[in-house]
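Inspection log for the structure reproduced underneath, given as structure tokens.
The values are calculated or read from the model by the stated rules, or taken from the named source; none is laboratory data. Predicted, not measured: the structure shown is a model, and the values here were computed from it. Don't worry about glycine lacking a Cβ; one is built from the backbone with ideal geometry, like all the others, and counts go over all protein chains shown. Heads up: the accessible areas ignore ligands, DNA and RNA and are worked out on the full protein's heavy atoms, side chains in. Shrake-Rupley method; radii C 1.70, N 1.55, O 1.52, S 1.80 Å.
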Amino acid sequence: MCIVGGGYTGLWTAYYLAGAAPDLRIAVVEKEFCGFGASGRNGGWLTAALAGSRRRYAATHGRQAVLELQREMQRTVDEVIAVAATESIDADIVKSGNVTVARTPAQMGRLQATVAADNEWGDRDHVLLAAEEVADRIRVAAALGGSFTPHCARLQPARLVRGLAGAVERRGVEIYERTAVSNIRPGEAVTASGTVRARYVLRATEGFTAGIPGLRRQWLPMNSAMVVTEPLPSSVWDEIGWEACETLGDIAHAYMYAQRTADGRIALGGRGVPYRYGSRTDTDGRTQPATVASLTRILREFFPAAAGAKVDHAWAGVLGVPRDWCSTVGVDRVSGLGWAGGYVGHGVATSNLAGRTLRDLVLGLDTPLVKLPWVDRKVRRWEPEPLRWLGVHALYTAYRAADRLEARGRTSTASLARLADVVAGRD
Ligand SMILES: Cc1cc2nc3c(=O)[nH]c(=O)nc-3n(C[C@H](O)[C@H](O)[C@H](O)COP(=O)(O)OP(=O)(O)OC[C@H]3O[C@@H](n4cnc5c(N)ncnc54)[C@H](O)[C@@H]3O)c2cc1C
């Protein structure tokens, strides 16, 4: 068994396969080091939010299957927490839910519609918060209201992925770091130092997938960037609150996400430059000064009490986006090729579900997991360049323009953003 990529997807898959089939020889081949990709640099939301559109999954598998996927995602949050405890992985995990804030009337309308839709899809745990209820939890400047769901935990992403690599090795899996796979073929993963031959070759390269021959247009590598403040003094935390360490996001079109870290910093992320021409990825996580400036501005707008805080760290990373914005997992039992990813920014929990699903698919087990609606999902590829670059830049230009209109007092979602969603295929 060969797994290409040493992020959460590859490592969870190795973890569960090694547990279920201790005699199976498993190699994880990683081009840099385990956690080099998004798994080591994400926002640390272990969220049950679905990585894809309920409507699209329901179109192929029906409503009941979507409800099962939602329930399985909620269980997955607890599964990750349980394995971290069993394996003594200290990843600063706190499960205290997620708060989403609305800071304009249009955002408030969108949030109400989102909560109503979640309730209609059976998720009654997602509730609206009045402005005072948001402030009781986290004092975000100009918050008009918000929502809360308990199905999310905060974690330190790099600690989880490094801890997981250790757990996988303890289960007898061989990890080959600094070994890039230049091609994947049935039964083979080709590297500069030799070809790994295996009955199954599983691709776990998410945002880097475009770099593998034949897969350039499979999943778009979307950038996300983060800034992290210095540790904030208790006087600042007294003003902000945030005692429960919920994950925090907003519902702008170009949205932000944040967490209060275990060592008292704010880590905040957002889109930055959304996509680089030709599906290029970032260079070792470096991000542009303009992105750092725009994320720092958001930080100061949200938390005036932290306006004087120094930004200690900033970085960027890539996540994988399929053409229909819905994640997939699958194994072709004839060719032995498998894959999982395209989590559109929700991979921290979804990758665990992917790992358990790949285990069942490889071992030929007829479990509820292999019947979930994201399994074996076939999606068309992204457009060739320059259409791909033009399309994604037009999408985010429209989102930012819509955010500006809404900030100036527009009370409903700007039609520009609705149109952009339809054109991008994410409606
Ligand atoms: C800044 C940022 C913030 C995010 N925040 C969140 C969040 O808060 N919550 C959430 O759920 N999701 C978030 N995500 C998304 C989430 O981190 C990813 O979906 C998830 O980590 C994907 O895991 P993975 O193992 O599939 O991919 P990755 O972690 O990207 O791992 C892929 C691995 O494959 C290796 N690789 C690539 N090509 C090759 C090759 N040719 N040969 C060998 N190895 C190769 C890479 O080096 C890498 O280590 C965020 C992403 C980013 C970038």
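Within the chain, the proportion of Cα pairs with more than 39 Å between them is 15 percent.
Could you tell me the center-to-center distance, by alpha carbons, between the range 105-165 and the range 1-72 in angstrom? Centre-to-centre distance over Cα atoms comes out at 23 Å.
Heavy-atom surface analysis with a 1.4 Å probe gives the chain a carbon and sulfur content of 54 percent of its accessible area.
A 1.4 Å probe run over the range 1-123, with the rest of the protein chains in place, finds 36 Å² accessible per residue. Extension gain, Ala180 to Glu385: 0.36 nm times the residue separation minus the Cα-Cα distance gives 71.3 nm.
Calculated mean residue ellipticity at 222 nm for the chain: -11500 deg cm²/dmol, from DSSP H runs with n ≥ 4 weighted as -39500 (n - 2.57), summed, divided by the residue count and rounded to 500.
The mean sequence distance of close C-alpha pairs (under 8 Å, at least 6 residues apart), as a share of the length of the range 236-302, puts its relative contact order at 20 percent. With a Förster radius of 25 Å applied to the C-beta separation of Asp376 and Arg197, the computed FRET efficiency comes to 0.50. The length gained on full extension between Val273 and Ala59, counted as 0.36 nm times the residue separation minus their Cα-Cα distance, comes to 73.8 nm. For the range 63-129, state which trypsin sites (Lys or Arg not before Pro) are in a DSSP loop and have at most 10 other beta carbons lying within 10 Å of their beta carbon. Answer by residue number: Arg124. For the range 300-347, averaging the sequence separation of C-alpha pairs within contact (under 8 Å, six or more residues apart) and dividing by the residue count gives a relative contact order of 32 percent. Label-to-label distance, Glu87 versus Ala244, with points set 7 angstrom from Cα along the beta-carbon direction: 2.9 nm. The alpha carbon centroids of the range 170-198 and the range 268-288 are separated by 27 Å.
Quick one: among Gly285, Gly97, Gly364, which has the greatest mean-square fluctuation in a GNM of the chain with alpha-carbon springs under 10 angstrom? Comparing Gly285, Gly97, Gly364 in the GNM, the peak value goes to Gly364. Computed extension length for Ala394-Ala141: 88.1 nm, one decimal, from 0.36 nm per residue of separation with the Cα-Cα distance subtracted. Here, the range 276-427 has an Rg and a Dmax of 19.6, 59 Å when only alpha carbons are counted. Here the spin labels are modelled as points 7 Å beyond Cα on the Cα-Cβ line, and at Asp332 and Gln288 they lie 3.7 nm apart. Across all directions, the shadow cast by the convex hull of the range 2-43 built on its C-alpha atoms averages 2.9 square nanometres.
Computed from label points 7 Å out along Cα-Cβ, the spacing between Ser96 and Gln112 is 3.0 nm. May I ask which residue of Pro274, Leu111, Cys34 lies farthest towards the positive end of the charge dipole of the chain, with charges of +1 (Lys, Arg) and -1 (Asp, Glu) on Cβ and the Cα centre as origin? Positive-most Cα among the choices belongs to Pro274.
Label zone of Arg170 (point 7 Å out along Cα→Cβ, amide N under 18 Å): in the range 84-105 this covers 84-93. Applying both filters, DSSP loop and at most 14 other Cβ atoms within 10 Å, to the GluC sites (Glu not before Pro) of the range 228-321 gives Glu243.
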